[in-house]
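The values are calculated or read from the model by the stated rules, or taken from the named source; none is laboratory data. As the structure is a computational prediction, the values presented were derived from the model and not from experiment. Glycine also receives a Cβ, built like all others from the backbone with ideal geometry; neighbour counts cover every protein chain displayed. In case anyone asks, the SASA skips ligands and DNA or RNA and just uses the protein heavy atoms, side chains included. Shrake-Rupley method; radii C 1.70, N 1.55, O 1.52, S 1.80 Å.
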Amino acid sequence: MAAELNLQAAELVTACFSDVPLDGVLQLTARIVDDAECVAAAAVVEERSAGRSWSEIGVAAGMSEGQARARWGGARSAQRLSARQPAPWAHRADAAPADVPRTRTSTAQRKAHAAAALGQALRTLREHSETDFGDLAAEAGMPDFAVRWVLEGKVMVPWTTVFTLAHLLGGRPADLRLLWETASKSVPRLPDPPHLADHLAAGLRGARLAAGQPPTATASLPGLSEAETQAALDGRLVPEWRVLHEMLLQLGADPVPFKALWAAYRASQGQGRST
């Protein structure tokens, strides 16, 4: 439950800096309040099972023994915990429950993978820039722990924050845009046709950063020379989907967010579908 609260808090931060409707924000905050109370109830149940008195629990909660007993005593805590329904994305990644569609679970997995990759990409930039962690936090105007959580992929933050961190680390913020969009939205935004190749190339560079910035030769595949790989990373060449797909898998990246970009580029060039 505490882990879910952490994720919901990160989702709330994103929601407050985006176009999420008011009812969505209020539903999320209500869920957070309810889950926070469940965490408190579970903690009290554990302490009571360990032999802690209601008087001691009252002191810990800053209330009287009677207030603590009234709030968490009897069957109240057990009923609250048994009635609680875990968030759909809180189930094991390899076993979606029967009442949750597989597509929804896959979306949650994709977001989590992109958040982790985004953090890794930022860590790669930091390693190459040799920027002191304290200096980075100070320049970004963020607490040290908040920057650390972003770099560890534990929380999602608004795009402006990711942009600032990438810029301070000497990277190209656009390279991280697709990772951020995938981590924060179900469907990444498609740019205008003239910018599709550049956006696709930026996504490739982001995937390469998330893989630890391997040399171009390492990312090259049979049938694609090192020069052609570099051209793809620069936006001067858009490979066939089969080649692009294999390159992404080799980098440990999720190919799905790239498919719509690639298809839109092909369509903008008046080219047919090619696998």
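Brief remarks on what is shown
- Any chance R126 is in a helix (DSSP H, G or I), at pLDDT 85 or above and open to solvent by 50 Å² or more (accessible area, probe 1.4 Å): yes
- The set of residues in the range 134-154 being more than 15 Å from A121 (Cβ to Cβ) and assigned to a loop (DSSP other than H, G, I, E, B) consists of G141, M142, P143.
- Within the range 1-27, residues that are closer than 20 Å to V157 by Cβ sit with their Cβ atoms under 6 Å from residues that are modelled with pLDDT under 70 and among the aliphatic types (A, V, I, L, M), at 6+ positions apart or across chains, in these pairs: E4/A87; E4/A90; V25/A15.
- Residue list for the range 1-50, restricted to those being in a loop (DSSP other than H, G, I, E, B) and at pLDDT 75 or above: P21, A50
- Any hit, the range 179-195, residues being assigned to a loop (DSSP other than H, G, I, E, B), touching a Pro at 6+ places or on another chain (Cβ under 9 Å) and either closer than 25 Å to D234 by Cα or open to solvent by 30 Å² or more (accessible area, probe 1.4 Å) (or both): yes
- Single residue of A231, A211, A217 found to be open to solvent by less than 70 Å² (accessible area, probe 1.4 Å), closer than 17 Å to L179 by Cα and aliphatic (A, V, I, L, M): A211
- Among the residues of the range 208-236, those that are of a type in the set (V, I, T) and touching a helix residue (DSSP H, G or I) at 6+ places or on another chain (Cβ under 7 Å) comprise T216, T229.
- Cross-chain or 6+ apart pairs with Cβ under 7 Å, the range 32-57 first and over 13 Å from W72 (Cα atoms), then open to solvent by 60 Å² or more (accessible area, probe 1.4 Å): D35/M1
- First in the range 219-239 and more than 22 Å from R266 (Cβ to Cβ) and without any contact (Cβ under 8 Å) to a residue 24 or more places away in the chain, second anywhere and open to solvent by 10 Å² or more (accessible area, probe 1.4 Å) and among the small types (G, A, S), Cβ under 7 Å, 6 or more apart: E226/A217; E226/S220
- Residue identified as at pLDDT 80 or above, at positive phi, open to solvent by less than 80 Å² (accessible area, probe 1.4 Å) and under 14 Å from the mean Cα position of the chain (by Cα) among G141, G153: G153
- The residues of the range 32-75 that are of a type in the set (S, T, N, Q) and either closer than 23 Å to L5 by Cα or open to solvent by less than 50 Å² (accessible area, probe 1.4 Å) (or both) amount to a single one, S53.
- Evaluated against (1) at pLDDT 75 or above; (2) of a type in the set (K, R); (3) exposed (fewer than 14 other Cβ atoms within 10 Å of the Cβ), R92 falls short on exactly one condition, (1).
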